[in-house]
Amino acid sequence: MLYEHAPRLRRYARALTRNAETADDLVQDSLERAWRKRDRWEAGTDLRAWLFTVMHNVYVNGLRRRRPETVPMEEHDCADTQPSGQERAMGCRDVEVGLALLPTEQREVLLLVCLEEMSYEQVATVLGIPIGTVMSRLHRGRERLRKWMAGEDQARPALRRIK
Amino acid sequence: MQTPLPMDLQELHAYADGQLGPEARARVEDRLAADAEARRQVDDYLDLNRLLRERYDAVLTESVPERLRSPKKRVWRPVAAAAAGMFLFTTGFASGLWLQNHGFDVMGEGDHVVREAAAAYAVYTPEVRHPVEVAADQEQHLVTWLTNRMGARIHAPVLTDQGFSLMGGRLLAFDDGPGALFMYEDAGGHRIVLTICLNEEEGKRTAFRFAEHEKVSVFYWFDGPFSYALAGEMKRTDLLNLAESVYRQIVS
């Protein structure tokens, strides 16, 4: 039953870690841990939420032990890919790169809400934080990603179009 | 701490995420009709949601690798295997029987307890000014605090008969969540630590086990909600004497 959730765990892990191999390692560790501790899950409660809690713990503990992995940033020139006649700035930059710029705590909240479509209460339970913290992390993460996608972030100079 | 996100902003997020009831949704829609900035904000949030799903939904339909399909004995990866190997090496001599009986599989259940206890010992006992977070003169406060954080009753065993007095304790961050540490000192300035962490398999009980990690001797055991580890740089028999006293006081 646990293993039926593998595809969703993999999607979340992929977005969280940006690396297919690392993501599957994380999913494997989480599933094995969940399997070992299956007694901890209360029958009748949301199994998916519990699995995400387990994965969150495995992930955060892993981060604590390891040195953070640094990923080289690549400039994405959007000159060629910008759809013509479309004014919206969204989609010009790679959402994956923007996501990687967020602090882990904001990235987790954003992905649980946007990808997993969890309720804010569920996210609070999964991450073990108050719902107010969920909201403020969601807001900061979204606004930061939004500005990044629109090229308004202060961290790096906005990309220039090359004709 | 941190100021809560204003309600009107919370509602914009909840609107974009489809987490509002009909009434609140109508209220936000009225507002969006009149507020171009808020409208842009919500549109961007919706775009972000869509972009994230477009980017990652493909993973859902990928075929799941074999290793993620069913519970299996794990294939140790190099780092984990190296760590486990070291543990085997350091504990192998002391508790050969136990390892012989259980082989490699047993690694999962005790290594982190030993590692955490030895690390806590190494990090905190050399501290001159701040060896503990809450000193023994506030023992009641310390015990209440740690009990609340650990979710089950904890108390600091008394080891004065063995010549060790309580210095105080602190909260630790362990793999599974909070851990508790009590530190003791004898007249000669030798220190030992008792660490308590959540028992992975709640309710499991074990006999004493002994391990040595970088010159630090550790006796540990699992009992009810917690695992306990007593760590110090002393002869095994002396430490065992202390561990037995701790064990008796916790059981009773």
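Looking only at the range B:142-170, count how many residues are of a type outside the set (Phe, Trp, Tyr), in contact with a strand residue (DSSP E or B) (Cβ under 9 Å, 6 or more places away or on another chain), under 23 Å from B:VAL216 (Cα atoms) and in contact (Cβ under 8 Å) with a residue 60 or more places away in the chain.
4
Quick one: what pairs do we get from the range B:24-35, first residue on the phi < 0 side of the Ramachandran plot, second of a type in the set (Ser, Thr, Tyr), C-beta under 9 Å, 6+ apart or different chains?
Sorted first by the residue in the range B:24-35, then by its partner, the pairs are B:ALA24/B:TYR15; B:ARG25/B:TYR15; B:VAL28/B:TYR15; B:GLU29/B:TYR15; B:LEU32/B:TYR15.
Listed here are the residues, each with its yes/no results for (1) under 20 Å from B:ALA119 (Cβ atoms); (2) assigned by TED's automatic domain parsing to the domain that holds B:SER245; (3) crowded, with 21+ Cβ neighbours inside 10 Å.
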site: B:HIS155; (1), (2), (3): no, yes, no
site: B:LEU159; (1), (2), (3): no, yes, yes
site: B:LEU166; (1), (2), (3): no, yes, yes
site: B:GLY169; (1), (2), (3): yes, yes, yes
site: B:LEU198; (1), (2), (3): yes, yes, no
site: B:LYS204; (1), (2), (3): no, yes, no
site: B:ALA207; (1), (2), (3): no, yes, no
site: B:GLU214; (1), (2), (3): yes, yes, no
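Would you mind telling me which numbered condition in (1) in contact with a Leu (Cβ under 9 Å, 6 or more places away or on another chain); (2) at pLDDT 90 or above; (3) away from chain B (no Cβ under 12 Å) A:VAL54 fails?
So the condition that A:VAL54 fails would be (3).
When the residues of the range B:5-39 are narrowed to those that are within 24 Å of B:LEU52 (Cβ to Cβ) and assigned to a loop (DSSP other than H, G, I, E, B), which ends up modelled with the lowest pLDDT?
Residue satisfying both the conditions and the ranking: B:LEU5.
Do the conditions hold for B:GLY151, that is, is it closer than 25 Å to A:TYR59 by Cα, buried (at least 19 other Cβ atoms within 10 Å of the Cβ) and not basic (Lys, Arg)?
For B:GLY151, the condition - closer than 25 Å to A:TYR59 by Cα, buried (at least 19 other Cβ atoms within 10 Å of the Cβ) and not basic (Lys, Arg) - is not met.
Inside the range B:155-252, counting only strands (runs of 3 or more DSSP E) that do not spill past its ends, which hold 1 or more residues that are touching a Lys or Arg at 6+ places or on another chain (Cβ under 9 Å)?
By residue number, B:164-174, B:177-186, B:209-213, B:216-223, B:226-232.
Can you tell me which of (1) exposed (fewer than 15 other Cβ atoms within 10 Å of the Cβ); (2) in contact (Cβ under 8 Å) with a residue 40 or more places away in the chain; (3) among the hydrophobic types (A, V, I, L, M, F, W, C) is the one B:ALA173 doesn't meet?
Of the numbered conditions (1) exposed (fewer than 15 other Cβ atoms within 10 Å of the Cβ); (2) in contact (Cβ under 8 Å) with a residue 40 or more places away in the chain; (3) among the hydrophobic types (A, V, I, L, M, F, W, C), the odd one out for B:ALA173 is (2).
The values are calculated or read from the model by the stated rules, or taken from the named source; none is laboratory data. None of the values given here were measured: they were computed from a predicted structure. Cβ: placed from backbone, ideal geometry, glycine included. Neighbour counts: every protein chain shown.
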